[in-house]
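The values are calculated or read from the model by the stated rules, or taken from the named source; none is laboratory data. Owing to the predicted nature of the structure, the values given are computational and were not obtained by experimental measurement. Here the Cβ positions follow ideal geometry from the backbone for every residue, glycine too, while neighbour counts run over all protein chains shown.
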Amino acid sequence: MWVLFAFGSALFAGMTAILAKLGLQKVDSDLATALRTAVVLLFSWLMVFLVGSEHTLALVSGRSLMFLILSGGATGASWLCYFKALQLGPVSRVTPIDKSSTILTILLAFLFLNEVPGTWKLIGLALLAAGTILMVQRRGGQETEQTGTGKSWIFYAVLSAVFAALTSILAKVGIQGIESNLGTAIRTIVVLVMAWGIVLLRKKQVNLHVIDRRSWFFIVFSGLATGFSWLCYYRALQEGPASVVVPVDKLSILVTIAFSRVFLRERLPKRALAGLLLVVGGTLLMLL
């Protein structure tokens with residue numbers, strides 16, 4: 001059953017990237033992240049009360065709470081970096097770097113969760129790494145010409161991947177013995193505090209009044225898509241091995257690339273298309 005939740009997480013995560021990109025076009029990325037997190041928080045706690053898991057809050061151990069808080073902090077850092085990268089760079093190139101967090105996640109799962117990768121998984125990791133490189137690289141100065149931002153988005157995308165990998169491992173430990181919806185809701189509180197703390201520290205809240213209706217629409221719906229993705233992801237992570245759940249979730253790249261072509265007109269060169277096939281092939285091999 002956890003496999004279905006993992007695929008559901010991939011679907012909604014893929015939608016999130018495009019909705020967020022559309023909502024970021026005229027809004028500061030930190031402010032948009034804080035607003036999206038507020039939507040996710042409301043949605044996640046609504047689900048907690050719908051399934052009745054609020055009564056188990058007192059049963060959460062100090063150890064689980066600590067790891068949930070740490071994973072929430074890692075998530076907040078990953079989000080801030082990811083949406084900054086999305087604002088500066090093309091979705092079809094930011095997403096592969098972010099999804100490469102699978103490689104680090106499997107390494108951490110081996111070191112701290114004793115999830116030993118088999119032969120197929122190692123081959124899949126190699127294909128994933130090769131595919132990511134092909135998808136990110138472009139010829140000449142095409143990057144600067146297209147975005148006008150140089151390669152600064154790469155820095156944020158790489159940090160996003162690192163923090164995303166830490167999130168998965170910390171969350172895997174934190175949600176053991178806890179109803180998954182409740183674990184997600186607790187983590188989201190940490191992300192919200194972190195996101196709004198940065199907004200207030202940098203005094204970006206003054207830009208709230210300039211957000212137009214279109215941006216509000218995409219920010220809110222990207223938050224809802226994230227909420228659905230999280231609920232599916234952490235349910236799958238609770239029941240299945242992190243070294244398998246994470247690769248399935250990263251198949252969201254297919255949804256993201258397809259949507260970026262339709263809604264953002266981002267064309268995928270043959271080199272990048274070959275990289276995408278390697279990424280997908282490597283991900284599927286890791287499921288064997």
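Key figures
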item	result
Given (1) closer than 22 Å to K26 by Cα; (2) surrounded by fewer than 23 Cβ atoms within 10 Å (Cβ to Cβ); (3) modelled with pLDDT of 85 or more, index of the condition G150 fails	(3)
Residues (over 13 Å from the mean Cα position of the chain (by Cα) and part of a helix (DSSP H, G or I)) located in the range 20-33	K21, L22, G23, S29, D30, L31, A32
Inter-residue pairs, beta-carbon under 8 Å, first over 19 Å from G227 (Cβ atoms) and in the range 47-76, second surrounded by fewer than 15 Cβ atoms within 10 Å (Cβ to Cβ), 6+ apart	S61/G177; S64/Q176; S64/G177
Condition met for I186 (part of a loop (DSSP other than H, G, I, E, B), more than 16 Å from A34 (Cβ to Cβ) and touching a residue at least 12 places away in the same chain (Cβ under 8 Å))	no
Among (1) closer than 19 Å to A171 by Cα; (2) in contact with a Leu (Cβ under 9 Å, 6 or more places away or on another chain); (3) surrounded by 21 or more Cβ atoms within 10 Å (Cβ to Cβ); (4) of a type in the set (G, A, S) - the single one A32 does not satisfy	(1)
Near pairs, Cβ below 7 angstrom, 6+ apart or cross-chain, from the range 250-265 (more than 13 Å from L277 (Cα to Cα)) to any residue that is among the aliphatic types (A, V, I, L, M) and part of a loop (DSSP other than H, G, I, E, B)	R261/L268
Qualifying residue in the range 258-279 (condition: closer than 25 Å to I69 by Cβ, out of contact with any helix residue (DSSP H, G or I) (no Cβ under 7 Å at 6 or more places or on another chain) and surrounded by fewer than 23 Cβ atoms within 10 Å (Cβ to Cβ))	no
Pick from the range 235-274, criterion small (G, A, S) and in a helix (DSSP H, G or I), ranking: nearest to S180 (Cα to Cα)	A236
Out of L88, L41, sole residue that is touching a Ser or Thr at 6+ places or on another chain (Cβ under 7 Å) and closer than 13 Å to A195 by Cα	L41
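Listed here are the residues, each with its yes/no results for (1) part of a helix (DSSP H, G or I); (2) within 16 Å of the chain's Cα centre (by Cα); (3) modelled with pLDDT of 90 or more.
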{"residue": "L11", "(1), (2), (3)": "yes, yes, yes"}
{"residue": "A17", "(1), (2), (3)": "yes, yes, no"}
{"residue": "T37", "(1), (2), (3)": "yes, yes, yes"}
{"residue": "L46", "(1), (2), (3)": "yes, no, yes"}
{"residue": "L50", "(1), (2), (3)": "yes, no, no"}
{"residue": "R63", "(1), (2), (3)": "yes, no, yes"}
{"residue": "C81", "(1), (2), (3)": "yes, yes, yes"}
{"residue": "R93", "(1), (2), (3)": "yes, yes, no"}
{"residue": "P96", "(1), (2), (3)": "yes, yes, no"}
